[in-house]
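Before any comments, here is the structure.
What follows draws every value from the coordinates through simple rules; no lab data is involved. Since this is a predicted model, take the numbers as computed values, not measurements. Virtual Cβ from ideal backbone geometry, glycine too; neighbours counted across all protein chains shown.
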Amino acid sequence: MTSAPPVPRPAQGTLWRGWTTPLDLAIAGGIGVWAILEALLVPSDSPIAQLAFAVAISAPLIVRRRLPEVVLLVVAAAFVAHAATAGADATFNPFPSLLVATFTVAERVARWWLAALLGVVPIAAMLGAEELGYFGSPGIEAAGVVFLLFFVGGTWAAGRIVRLRSLSAQTSAAGAAQRAAEAAASERRRIARELHDIVAHSLSIVALQAAAAERFVDRDPARARVHLDHTRRTAQSALDEMRHLLEVLREDDATYEPQPGLSALPDLVAATEAAGHPSRLTITHPERGDGLPDGAALTVYRLVQEALTNARRHAPGAAVDVVVDCGDNLVEVTVSNGPPTSAHARPLTTGSGNGLPGMRERVRLYGGLLDAHATPEGGWRVHATLPLGVTR
């Protein structure tokens, strides 16, 4: 049976909130008190049976939202069983409990045909109890049937309307949240571009002013100090602007840690090997890698990370080889994997997902090239070249 979306697991100490609500407790308690008082105040040959019946048709309502189908069936079954076994002194009418359960089924059960089928249950229970003589008459008049259908049908329709309006409100809220997230992401991309322009422009000015100061430091110290002053003010202005933009980008729960670089590659490869891929990492001229600019080192790390992620996703069990060649003016990154060893592998195509376009964009920012293609052996190879000292 399909009901409302599953209730999230409650926090420790509030387990009962995952099964009921204060409103449900109040409804079940009100109907239960009414039924118990009637069982106690009206003389009966079997007061224990009356009290048990009062509990049976009210207590299940406590969990009506969590188990709507079960609650309706339990209340209806208890009613019919009591009608078949109770004496002529049985006077309590469980109609309110059946209406509450009917409303809950219509409001919580997703499939309309199942909710409609369950909506017939209280009508069948009432007619069955009437045939068993529970209400003290041999049959039910046509007006009584119309009355019964009107109230049960109206209750079911009200529950369905509440469900549809709730779903509509959720859809609207989700759409608004998505639009807000898209707007925020667009703004962050714009700010990131501005940040890149600010850094590139300011650093170029700093480099020019520093070079001029170096040229005049011996023969014209006063002029050199002027250039150094321009350098200081330009750098300070750039820092202030960057700080302002980063404040816009910052999220409430964000944490700031050093960005990973080549030193973190062994951990990436080790995680891939732990996932079932025979893996090997080779870094040529690691002493040059230690001197890579932070941006280039981060780009190398992200390229390897994305390539290993694709290998784990699309080539389960395949051997993976990672080679990072650190040259004087160029860094080459090659990640290749063999064919998958699992029959459930999903082939990777050049245009699938956002991983490869993202890798190409990272490499493009450094004036490099990325080549990603399938190998004749059935594997995949990613090769990137990053010229050092070149950005766009």
Self-check item: Counted charge near Leu370, where neighbours are those whose Cβ lies closer than 10 Å (Asp, Glu -1; Lys, Arg +1)
Solution: +1
Quiz item: If amide H atoms are built 1.01 Å from N in the plane of the peptide, which residues on other chains or at least 5 residues away come under 5 Å of the amide H of Leu330?
Solution: Leu388
Quiz item: Between Ala124 and Ala183, what length comes free when the chain is fully extended (0.36 nm per residue of separation minus the Cα-Cα distance, one decimal in nm)?
Solution: 15.9 nm
Practice problem: Compute the FRET efficiency between Thr21 and Ser166 as 1/(1 + (r/R0)^6), taking r as their Cβ-Cβ distance and R0 = 22 Å, and round to the nearest 0.05. | Solution: 0.90
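Provide the gained length on full extension for the span Asp240 to Arg219, in nm with one decimal, where the gain is 0.36 nm per separating residue minus the Cα-Cα distance.
The Asp240-Arg219 span can extend by a further 4.2 nm.
What order do you get for 164-173, 357-366, 220-229, 72-81 when each peptide is scored by the mean count of other beta carbon atoms within 10 Å, highest first? Before the final figure, lay out the partial values.
Values: 164-173: 10.7, 357-366: 16.6, 220-229: 14.1, 72-81: 20.0.
Answer by packing, highest mean first, reads 72-81, 357-366, 220-229, 164-173.
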Exercise. Using a 10 Å cut-off on Cβ atoms, rank the peptides 275-282, 126-133 from the highest mean neighbour count down.
Key: 126-133, 275-282
Quiz item: With Cβ to Cβ distances under 13 Å as the rule, what net charge do the other residues near Arg381 carry (K, R +1; D, E -1)?
Solution: -4
Quiz item: For the stretch 72-81, what does the Karplus curve 6.51 cos²θ - 1.76 cosθ + 1.60, with θ = phi - 60°, yield as ³J(HN,Hα) per residue in whole Hz, taken in order and with x for Gly and Pro?
Solution: 4, 5, 5, 5, 5, 5, 4, 5, 5, 4
